[in-house]
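Visitor: Before I ask anything, let me first share the structure, which is written out below as structure tokens.
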Amino acid sequence: MIQNEMSRRRLLGLGVGLGAAATLTLAGCGGGSSTKGSTAAGNGGKDYTGPKVDLKLWNGFTGGDGDIFKKLVEQFNSEHQNIAVSVITYEWQDYYSKLPGAVTSGNGPDIAVMHMDQLATFAARGVITELDDVAKALELSEGDFAPTVWKGGIYHDKRYGIPLDMHPMGFYYNKAVMQKGGLDPNKPPTTKDEFTAALTELKKAGVQGFWVSPFQFTGGMTFYSLLHQWGGTLFDADVAKATFNSDPAVEACTWLVDLIKQGFSPANVGQDADYLALKSGKNAFNFNGIWQINDLKKSPSVQWGVAPLPQIGSQKATWANSHNFTIVKQRSADNNKVSGAKVFINWLSQHSLDWAKGGQIPARKEVREGAEFKALPEISALAPELEYAAFPPAAPGLGEVMTTFYNAFNEAALGKKSPKQALDDGVNKANKQLEDNRKKYGN
């Protein structure tokens, strides 16, 4: 029952689990001092007046969002006779594993779309180039974006990514199942007490209302969100020590595991089974990524709604990630290509309203606050989460550590260990990985 589309969607936010592929040694990346195309003005992306350049762009948009992305590129090409962008698309997992070797061999792309939590790794390895001049020339600042998204593109006080969007978790609810439990289908729970009360009523009606998945997608991401809602963090401020076994973290994990013990959720939920149950009317609630909106729109028989995550802990928080544009370093730098790439990045950032229709929240504030974006009801409903989204920190090699975090939750959710033991063991392993990363990346 696991659909290919959902398998692809699981990788949409999967910068976090792919760090190992990006940590390959990139000897020679960005090496060489040969420079071509010195005729380009190099004004940070305002315009390009040099000779025609052909640019390769790598991305991982393999579903419906990919079709929208390609149409935007076609529009760009039609408006810029001296810049031709060709799109090369891979599954995200393949994308991140192929990129290091391609760059080393001189066959890498000119532009690469990258998840926020991958920027630090690729910047540390010298794969992508600095973009401070783009931000300066286009007069972009933190005020034009949500602060968390803007800061996520910075590594060692230098900008490596221009944010395009953010994709958070949303709270999906099946209205028909809510009615079965005697609940108001137009008033999803927004607090811990309301959520628990709703689950209790659903249980009386014979419905296990919220299925806790032991997998990263989506149980681990739910725990990630609730850990921050309880006031915890995954790491200390310097990302030198893991802290996801703190008292708030244990409380959040215990609360989720107790939903299973109390019968509000079945045990041993399979991958994607929580979401499939929502679609088939077997449960009422599901925490899942914004990317499921377009999937649910393909099922007109399902009566559903989406809202920001309920506040279960002491503060609002949600898991989120962001796509950023980057420019890849080349063995032989071509200033014309670099200048053309910057023009493309700026253009697509300005057209992020069209991109939002693919199931993303635009990073640019002016687009997000416009009437046209607000006319996209389901997607714009999750826009408020941008202000309190918990993005992964900018630290190289973080992917392997995040996998350890999600594995710790998996052991707790499956009942293999108590929440505290699972998180303690996970932190011990994560701290060793963080120490190895400091040696590997010189941080």
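The values are calculated or read from the model by the stated rules, or taken from the named source; none is laboratory data. These numbers come from a predicted model, not from an experiment. A quick note on method: Cβ atoms are made from the backbone with ideal geometry, for glycine too, and the neighbour counts reach across all protein chains shown.
Visitor: Criterion first (of a type outside the set (Gly, Ala, Ser), buried (at least 24 other Cβ atoms within 10 Å of the Cβ) and modelled with pLDDT of 95 or more) does Asp247 satisfy it?
Guide: no
Visitor: Another one. Output the residues belonging to the stretch 347-357 that are buried (at least 20 other Cβ atoms within 10 Å of the Cβ) and among the polar types (S, T, N, Q).
Guide: Those that are buried (at least 20 other Cβ atoms within 10 Å of the Cβ) and among the polar types (S, T, N, Q): Ser349, Ser352.
Visitor: For Asp110, are the conditions met, namely being crowded, with 19+ Cβ neighbours inside 10 Å, touching a strand residue (DSSP E or B) at 6+ places or on another chain (Cβ under 9 Å), farther than 28 Å from Asp295 by Cα and at pLDDT 95 or above?
Guide: yes
Visitor: State whether one or more residues within the stretch 205-223 are free of Cβ contacts under 8 Å to residues at least 40 places away in the same chain and in the same structural domain as Val306 (by TED's automatic domain parsing).
Guide: Yes; the residues of the stretch 205-223 include at least one that is free of Cβ contacts under 8 Å to residues at least 40 places away in the same chain and in the same structural domain as Val306 (by TED's automatic domain parsing).
Visitor: Being closer than 24 Å to Glu387 by Cβ, of a type outside the set (A, V, I, L, M, F, W, C) and not assigned by TED's automatic domain parsing to the domain that holds Glu400, is that true of even one residue in the stretch 118-140?
Guide: yes
Visitor: Given the residues Ala252, Ala284, which is the only one that is farther than 17 Å from Pro419 by Cα, hydrophobic (A, V, I, L, M, F, W, C) and touching a Phe, Trp or Tyr at 6+ places or on another chain (Cβ under 8 Å)?
Guide: Residue meeting the stated conditions: Ala284.
Visitor: So, Ser339, is that one buried (at least 23 other Cβ atoms within 10 Å of the Cβ) and more than 30 Å from Gly231 (Cα to Cα) or not?
Guide: Answer is yes for this residue.
Visitor: Here is a list: Lys56, Lys46. Which entry is touching a strand residue (DSSP E or B) at 6+ places or on another chain (Cβ under 6 Å) and either modelled with pLDDT of 90 or more or in a loop (DSSP other than H, G, I, E, B) (or both)?
Guide: Lys56
Visitor: Right, something else. Which of the residues that make up the stretch 197-222 are crowded, with 19+ Cβ neighbours inside 10 Å, among the hydrophobic types (A, V, I, L, M, F, W, C) and not in a helix (DSSP H, G or I)?
Guide: The answer is Val207, Phe210, Trp211, Val212, Phe215.
Visitor: While we're looking at this one, here's another question. Is one or more of the residues making up the stretch 412-422 among the basic types (Lys, Arg), closer than 25 Å to Leu119 by Cβ, touching a residue at least 40 places away in the same chain (Cβ under 8 Å) and in a helix (DSSP H, G or I)?
Guide: no
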